[in-house]
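**Q** First the structure, which I've put down as structure tokens, then a few questions once you've had a look.
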């Protein structure tokens, strides 16, 4: 599966469908090969029917300004770029209002695949 992107833009934004107890939604996540794990905005988790505040699992998250401990939920299903993961752990964190995305799609989603970022053609390919 391939996705076009603007090689001159700042982020590669991927539409990601997430499923939870209350249904599903499409979130726009920044592809981040520097992030070991994936992350969604707290509001997305709540919309899906999860309660991040009640989750006991906390993950150490290094942000641009500090190190924090954020709740980790296990999302029923995640689908992006033609790939699907079930029972997928995702960290929940409140993103600033200025964030242009709903979270980050990290390396954990791409493990076991071949990921090609072609900046000449502006194309992400996963197989």
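**Q** Report, by residue number, each residue of segment 84-100 that is more than 25 Å from residue 54 (Cβ to Cβ) and touching a strand residue (DSSP E or B) at 6+ places or on another chain (Cβ under 9 Å).
**A** Of the residues in segment 84-100, the ones more than 25 Å from residue 54 (Cβ to Cβ) are 84, 98, 100.
Within segment 84-100, 84, 100 meet the criteria.
**Q** Right, something else. If residue 121 satisfies every condition in (1) over 13 Å from the mean Cα position of the chain (by Cα); (2) closer than 16 Å to residue 41 by Cα; (3) in a loop (DSSP other than H, G, I, E, B) but one, which is the exception?
**A** (2)
**Q** So which residues in segment 98-116 are surrounded by 15 or more Cβ atoms within 10 Å (Cβ to Cβ) and assigned to a strand (DSSP E or B), if there are any at all?
**A** 103, 104, 105, 115
**Q** Still on this structure: Name the single residue that is nearest to residue 7 (Cα to Cα) among those in segment 35-56 being in contact (Cβ under 8 Å) with a residue 24 or more places away in the chain and part of a loop (DSSP other than H, G, I, E, B).
**A** Within segment 35-56, the match that is nearest to residue 7 (Cα to Cα) is 35.
**Q** Of all residues in segment 14-29, which are farther than 17 Å from residue 84 by Cα and either modelled with pLDDT under 95 or touching a helix residue (DSSP H, G or I) at 6+ places or on another chain (Cβ under 9 Å) (or both)? Full working, then the answer.
**A** Step one: list which residues in segment 14-29 are farther than 17 Å from residue 84 by Cα, which gives 21-22.
Listed by number, the list holds a single entry, 22.
**Q** Checking residue 125 against (1) surrounded by fewer than 17 Cβ atoms within 10 Å (Cβ to Cβ); (2) free of Cβ contacts under 8 Å to residues at least 40 places away in the same chain, which test does it fail?
**A** Against the list (1) surrounded by fewer than 17 Cβ atoms within 10 Å (Cβ to Cβ); (2) free of Cβ contacts under 8 Å to residues at least 40 places away in the same chain, residue 125 comes up short only on (2).
**Q** Tell me which residues, restricted to segment 68-97, are within 15 Å of residue 40 (Cα to Cα) and in a loop (DSSP other than H, G, I, E, B).
**A** Result: 94, 95, 96, 97.
**Q** Something else about it: Quick one: count up the residues across segment 30-52 that are touching a helix residue (DSSP H, G or I) at 6+ places or on another chain (Cβ under 9 Å) and farther than 15 Å from residue 87 by Cα.
**A** Residues in segment 30-52 being touching a helix residue (DSSP H, G or I) at 6+ places or on another chain (Cβ under 9 Å) and farther than 15 Å from residue 87 by Cα: 10 in total.
**Q** For segment 59-78, state whether one or more residues are surrounded by 11 or more Cβ atoms within 10 Å (Cβ to Cβ) and on the phi > 0 side of the Ramachandran plot.
**A** There is no residue in segment 59-78 that is surrounded by 11 or more Cβ atoms within 10 Å (Cβ to Cβ) and on the phi > 0 side of the Ramachandran plot.
**Q** Taking the condition out of contact with any strand residue (DSSP E or B) (no Cβ under 9 Å at 6 or more places or on another chain) and either closer than 14 Å to residue 76 by Cα or modelled with pLDDT under 95 (or both), does residue 35 pass?
**A** Working: out of contact with any strand residue (DSSP E or B) (no Cβ under 9 Å at 6 or more places or on another chain): no; either closer than 14 Å to residue 76 by Cα or modelled with pLDDT under 95 (or both): yes.
Considered against the rule, which asks whether it is out of contact with any strand residue (DSSP E or B) (no Cβ under 9 Å at 6 or more places or on another chain) and either closer than 14 Å to residue 76 by Cα or modelled with pLDDT under 95 (or both), residue 35 comes out as no.
The values are calculated or read from the model by the stated rules, or taken from the named source; none is laboratory data. Small disclaimer: the values here were computed from a predicted structure and weren't measured. Reconstructed Cβ throughout: ideal geometry from the backbone, glycine too, with neighbour counts over all protein chains shown.
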